[in-house]
Amino acid sequence: MISVSVLAEQARKKSWLIWSVGVGVYLLAVFHRTSLGVAGPLATERLGLSAGQLSTFVMLQLGVYAAMQVPTGILVDRFGPRRMLLVATVIMGSAQLLFSQVESYPLALLARGLLGCGDAMALVSVLRLAAGWFPARRYPVLVTFTGLVGMAGNVVATVPLTLLLTGLGWGPTFAIAGGMSLGYGLLLLRPRWLRRTGRPNARTARSVAAGCLPRSHRPGGCRPAGWRYGSTCRRWPGRPPSPCSGASHTSPRGLATRPRRRRLC
């Protein structure tokens, strides 16, 4: 039987790996969001825009971003953050590819609107990953780290993007940016062989951190105290009740029932 320390170490490493892949999508989202600020003068020349029309790009993108927050939260709970991050990379990559080829103002507005839709899915999904794969006491730290990575996206969208626009021009630069997002989406695909492995999942990672073990790793002689997101929790000898022991669900007959599982990845 796998020891608790080995199981906890495996779950910890996998949690950080999954968060790192997810936060990379947020870095790309911030990069795409601020890219037009660097390419503003070129956009004015390429599309013949006035100052008011150029500001419409920013207002449209922020408006779509704000409008998609609540639907994104519902979709993340329904389909899971990994799928939503994959959709976000595909939408942002396609929007940048379209933006690299636009010659008219309406198509440019459509591309920036799609970019705002994909941008809205990134942060909510990454925070959902942090809440699902880490204990509650680490959630504020993960939120801070996520914000710092987003600031790095602002930095990448200044000097490197300016050099690319100067050397390659409008079309190749935004085509490369779109290809980066589409290529990064391959990291979010989960192969079929990975689904069948016995590696610790989000439920195991959170249970180990809370002092609980799932049923498959519970040693003999342990008595379950309740269910939380499908994990069986127990009371260790000589320790107070675990945080999840009070989350049991009982039927009218007093029997423990299993609540509906929520997607964590």
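Every read-out reported here was derived from the displayed coordinates using simple, explicitly stated rules and does not represent laboratory data. All values derive from a computational prediction rather than experimental measurement.
Taking amide H positions as modeled 1.01 Å from N, with prolines and chain starts lacking one, no residue 5 or more places away or on another chain lies under 5 Å from residue 169.
If you wrap the stretch 4-195 in the convex hull of its Cα atoms and look at it from every side, the mean projected area works out to 12.0 nm².
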